[in-house]
Every structure is written in structure tokens, then in C-alpha cells.
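In what follows, a structure is listed as C-alpha cells, so that the remarks can point back to it.
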């Protein structure tokens with residue numbers, strides 16, 4: 001099933017953002033086509049999370065504009081949903097109640113109930129509907145976060161280092177799980193990470209951010225076949241991509257970062 | 001085969017005592033209470049054998065039975081129950097409402113905060129005589145006392161609970177396009193629940209004190225009234241019977257409320 005059509009789903013025009021005197025993002029321009037999985041990669045402090053939050057409508061801009069399906073955004077919207085880092089579940093709500101939170105807010109729980117149930121099954125949490133977050137492992141919680149974000153059926157899925165708090169093994173499992181789930185519908189996805197192998201493994205393209213000020217340094221297209229088994233990480237082709245990207249960001253990562261005053 | 005690491009054959013047996021610490025501690029508590037009551041009984045019977053100053057537990061229980069048979073105990077309990085229940089319901093409902101208002105509206109905060117600051121640490125029960133003067137010696141003066149002591153802890157806790165809502169969870173709701181009201185109803189209120197319930201639990205204890213104090217200053221019936229009347233008549237068994245009723249009410253209500261809290265906060 002080929003769901004990609006060659007039109008720009010998400011466009012970022014001359015985006016600029018300052019925190020005080022500090023230029024966090026300067027003149028970021030980007031166009032993401034429909035159905036592509038794009039990672040935003042860069043050292044800490046390069047503004048990649050701020051960038052994602054702006055696309056999500058959670059942060060204002062100083063200049064520039066975000067356009068989704070031809071419409072400029074002005075805040076959070078039903079066309080986007082966000083997967084945060086850890087502990088974004090409401091602890092007093094069960095797995096099911098967390099999954100349908102977005103549907104409850106838009107008043108469509110009864111219409112979309114079947115799809116939400118199917119999503120819980122897709123993320124592998126059938127039978128856990130009545131569990132509370134404290135009863136779940138970190139990986140399971142991120143599955144619920146993913147299901148909650150997908151339940152509102154967004155046009156663009158935004159993920160902010162969703163696996164960064166997981167241990168290394170769980171993280172790899174969740175990467176393959178994310179790809180499996182993503183293959184089922186292929187929504188346009190923006191994924192922020194600072195791990196090169198994660199970005200290469202998941203993405204069609206990796207957008208590399210440089211810092212001070214935050215800007216797009218380069219876009220690397222990842223031509224690896226899908227679906228991608230975890231073993232692809234040990235192929236020479238994959239390792240070449242990782243090495244290539246590492247060389248691109250090495251200077252930025254090893255440069256002194258704590259210049260105070 | 002020398003890898004520097006090997007598996008130990010068996011875990012050592014754990015101490016027998018370690019398997020039942022809870023049970024033995026519960027027995028310890030029980031023994032403590034039993035010894036205390038027995039000592040009280042013995043002291044009242046042999047050391048301070050003067051019924052004008054001290055009644056023994058058995059005498060108090062006997063007084064309870066007699067007053068129950070005579071029907072006067074039910075009248076006192078019913079009176080105090082009405083005062084407590086009506087006062088607690090009105091006091092906690094207005095405490096929650098004002099607390100929510102202060103936490104969400106700067107104007108409401110400006111209106112209420114000076115009063116809260118001034119009255120929160122004031123022993124409000126000191127106003128009990130005034131309440132009797134205003135509302136008479138029927139139940140409503142005591143209801144007023146209970147309201148005035150319950151409202152503050154509930155209000156203060158509600159406010160801090162709403163303020164303690166995680167900004168991150170609010171952002172989660174915002175990212176899903178929640179309105180201000182939806183954020184309030186689906187995030188702030190449930191997140192403040194542990195605080196609100198703790199405030200209500202404090203309110204139970206204070207409300208009971210309010211009933212006693214209110215009835216001390218003027219009443220026609222009630223368990224607090226029974227205590228003053230019996231004390232004035234040097235009827236120590238009846239006085240201790242009244243104290244026992246309040247103690248039982250305090251223990252029972254708090255335990256019941258804790259069970260409710262435990263159930264409501266089962267997600268924690």
C-alpha cells in the first residue's frame with residue numbers, strides 16, 4: 001500500500017527564535033513530504049527540541065512560519081500530535097483512559113473507540129487497558145504515549161526523544177516497534193534525537209542541526225530498504241551512514257560547549 | 001574456566017522472625033492498648049478510688065449501656081451527628097469552592113487571601129461564644145462553628161493542590177487541543193485530589209473538635225453537652241462515656257475516610 005504522494009505536508013519558512021539575546025534557531029527552512037519519516041539530529045543545545053515544540057504549536061516564534069497542508073499554524077492543532085519524553089501519562093488514568101484522552105478532549109470517544117482499541121492492540125497493550133501507569137515499565141508507558149498520539153489520527157506525528165529515558169535494550173526494541181507501528185499508516189513523522197544510529201535506523205531523511213545559533217547544517221537521505229530488521233544496524237551500508245553523520249557533527253559535538261560569559 | 005565469576009550454590013535461609021514482622025508488631029500494639037486499659041482500670045479501682053475524679057473504663061462502658069437503655073444517649077448522638085454532618089458538608093464544599101477560585105483567579109485571590117492569612121492560624125473556635133449568641137443554643141450555632149473550622153484546611157489544601165499541578169501534564173493536554181476548562185477538569189482537579197482529600201481528613205478532626213467546643217458553650221443536647229453536664233454533676237462515668245463516643249467517632253471516621261482515600265487514590 002503506497003500512501004505517499006509527492007506534496008509537501010510540512011513546510012518551515014525562515015523560522016527564527018530567540019531566548020533573550022540567545023539565537024536558538026536562525027532562519028530554518030525545511031520541507032517534509034507526505035508520508036516520510038524525518039529525524040532531527042544534533043548535539044544538545046542545537047535547538048532541535050525547541051524546533052519540534054514550535055512545530056507542535058507549544059512555543060511561539062519570533063519570525064517565520066510553519067505551514068501544514070497549506071495552512072499556517074497558530075498553536076496546537078488536531079493535525080499534529082506530540083509524543084513527549086517519559087512520564088507524560090496522567091497517573092490517575094488507566095492505560096485506556098490515557099489512550100482516549102485526546103478523543104475525550106475533541107468529544108469523539110464514541111466514534112473512535114474501535115480505532116483506539118485497534119491502536120492499543122497495535123502497540124501491544126491489549127489486556128492492559130485497566131492498568132495504571134505506575135504498574136507499567138518505561139517501555140510500556142511510551143507505547144501508551146504513542147497510542148495516545150496516534151489515536152487522534154494526526155496528519156503529522158511529532159516525537160521528542162521518546163526513548164531517551166529507556167535502557168539500551170528496551171530502546172532498541174522500541175525502535176523496531178515504532179517502525180512496525182509506523183509502517184501501518186505511514187504518517188508523516190518528525191523525530192528528535194541525539195543518537196545517530198537511532199536516526200539512521202528509523203528515518204528516510206536525517207536533518208542535522210548545528211548549534212550556536214541553531215540551524216540546519218545538512219540533510220542526509222537514508223536509502224535503506226524498508227521494512228528494516230534490527231540486524232540492518234550491522235550492515236556496512238548502515239555503518240557508513242552513521243560514520244558519515246558522525247563526521248558531520250563531530251566538530252560541533254567536541255567543541256567546548258560551556259562558554260559562559 | 002577461570003572467568004573470575006561463579007554462581008553460588010544456594011541462598012542462605014532467612015530468619016524465621018523476618019517472615020512475620022507485621023503480625024508480631026500488630027500483636028505488640030494490641031498488648032500495649034490492653035495493658036493501658038488494664039492499668040487505668042486498676043488505678044481507678046485501687047489507687048484513685050474516688051469516683052469524683054476518675055471513672056474506670058468498665059464504669060464508663062456501664063454508663064454508656066445505661067444511657068442507651070434510657071434513650072438519652074441516642075438523643076445526644078443524633079444532635080451532635082446533625083451538627084457535624086451539616087457543618088462538615090457546607091464547610092468542605094465552600095472550602096473546595098473558595099480554594100479553586102483562589103487558585104484560578106487573581107481577583108478571587110486578592111479578595112480572599114488577606115482573610116485566609118489572618119484567620120488561618122487564628123483559633124477560630126474562640127468565636128464559638130459569638131456563634132451561640134448569634135444563632136442560639138440549637139444545632140445551628142454548632143453548625144456554624146463546624147463550618148468555620150472545616151473551611152480553612154480544605155480551602156488551603158485545595159489551593160495548593162491546584163497550584164502543584166505539573167506544568168508538563170498541562171502541556172500534554174494543551175498539545176491535544178484542550179481548552180482551559182478541559183485542562184482544569186481533566187488535569188488540575190484530578191491532580192489536586194490527594195491534597196483535597198488530605199484537607200478533608202484534617203477537616204474531620206477539626207469538625208469534631210468544633211462540635212465539642214460549640215456544645216460546651218451552649219446547647220440543649222449533644223455529646224459535648226453530655227460531657228459538660230456530667231462533669232458539673234461530678235458524674236465521671238457519664239463524662240468518660242461521652243469522651244469514649246468522641247474518640248470512637250474520630251477513630252471510625254478517620255479510618256473510613258482513609259479507606260475512601262485509598263480507593264480514590266488507588267492509582268498512586
Looking at (1) more than 30 Å from residue B:187 (Cβ to Cβ); (2) crowded, with 17+ Cβ neighbours inside 10 Å; (3) touching a residue at least 24 places away in the same chain (Cβ under 8 Å), which is the only condition residue B:53 fails? (2)
Can you give me the number of residues within region A:186-220 that are modelled with pLDDT under 95 and assigned to a loop (DSSP other than H, G, I, E, B)? 7
Failed condition for residue A:244, given (1) surrounded by fewer than 16 Cβ atoms within 10 Å (Cβ to Cβ); (2) within 29 Å of residue A:154 (Cβ to Cβ); (3) in the same structural domain as residue A:17 (by TED's automatic domain parsing), with all others met? (2)
Check off (1) without any contact (Cβ under 8 Å) to a residue 12 or more places away in the chain; (2) not in a helix (DSSP H, G or I) for residue A:159 and give me the number that stays unchecked. (1)
Criterion: crowded, with 20+ Cβ neighbours inside 10 Å, within 12 Å of chain B (Cβ to nearest Cβ), at pLDDT 95 or above and closer than 27 Å to residue A:46 by Cβ - qualifying residue of A:101, A:158: A:158
Screening B:151, B:223, B:187 for residues that are surrounded by 19 or more Cβ atoms within 10 Å (Cβ to Cβ) and free of Cβ contacts under 8 Å to residues at least 40 places away in the same chain leaves only B:187
Would you confirm whether any residue within region B:1-16 is in a helix (DSSP H, G or I), modelled with pLDDT of 70 or more and over 28 Å from the mean Cα position of the chain (by Cα)? no
Test for residue B:180: is it loosely packed, with under 15 Cβ neighbours inside 10 Å, in contact (Cβ under 8 Å) with a residue 60 or more places away in the chain and either more than 11 Å from the chain's Cα centre (by Cα) or within 12 Å of chain A (Cβ to nearest Cβ) (or both): no
Residue satisfying condition, being closer than 14 Å to residue A:208 by Cα and either more than 14 Å from chain B (Cβ to nearest Cβ) or assigned to a loop (DSSP other than H, G, I, E, B) (or both), within set A:44, A:88, A:74, A:14: A:44
Of the residues that make up region B:195-206, is at least one touching a helix residue (DSSP H, G or I) at 6+ places or on another chain (Cβ under 9 Å) and under 27 Å from residue A:107 (Cβ atoms)? yes
Would you check if residue A:34 is modelled with pLDDT of 95 or more and surrounded by 17 or more Cβ atoms within 10 Å (Cβ to Cβ)? no
Tell me the residue from A:130, A:93 that is within 14 Å of chain B (Cβ to nearest Cβ), more than 24 Å from residue B:168 (Cβ to Cβ), without any contact (Cβ under 8 Å) to a residue 60 or more places away in the chain and in a loop (DSSP other than H, G, I, E, B), please. A:130
Output for region B:212-226, where each listed residue is assigned to a loop (DSSP other than H, G, I, E, B), over 11 Å from residue B:242 (Cβ atoms) and in contact with a helix residue (DSSP H, G or I) (Cβ under 6 Å, 6 or more places away or on another chain): B:218, B:219, B:221
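From the list B:166, B:175, pick out the single residue that is buried (at least 21 other Cβ atoms within 10 Å of the Cβ) and over 19 Å from the mean Cα position of the chain (by Cα). Steps first, please.
On the way: B:166 fails: buried (at least 21 other Cβ atoms within 10 Å of the Cβ).
Going through B:166, B:175 in turn, just one is buried (at least 21 other Cβ atoms within 10 Å of the Cβ) and over 19 Å from the mean Cα position of the chain (by Cα): B:175.
The values are calculated or read from the model by the stated rules, or taken from the named source; none is laboratory data. Source: prediction; values computed, not measured. For neighbour counting, all protein chains shown are included, and Cβ atoms are generated from backbone atoms with ideal geometry for every residue, glycine included.
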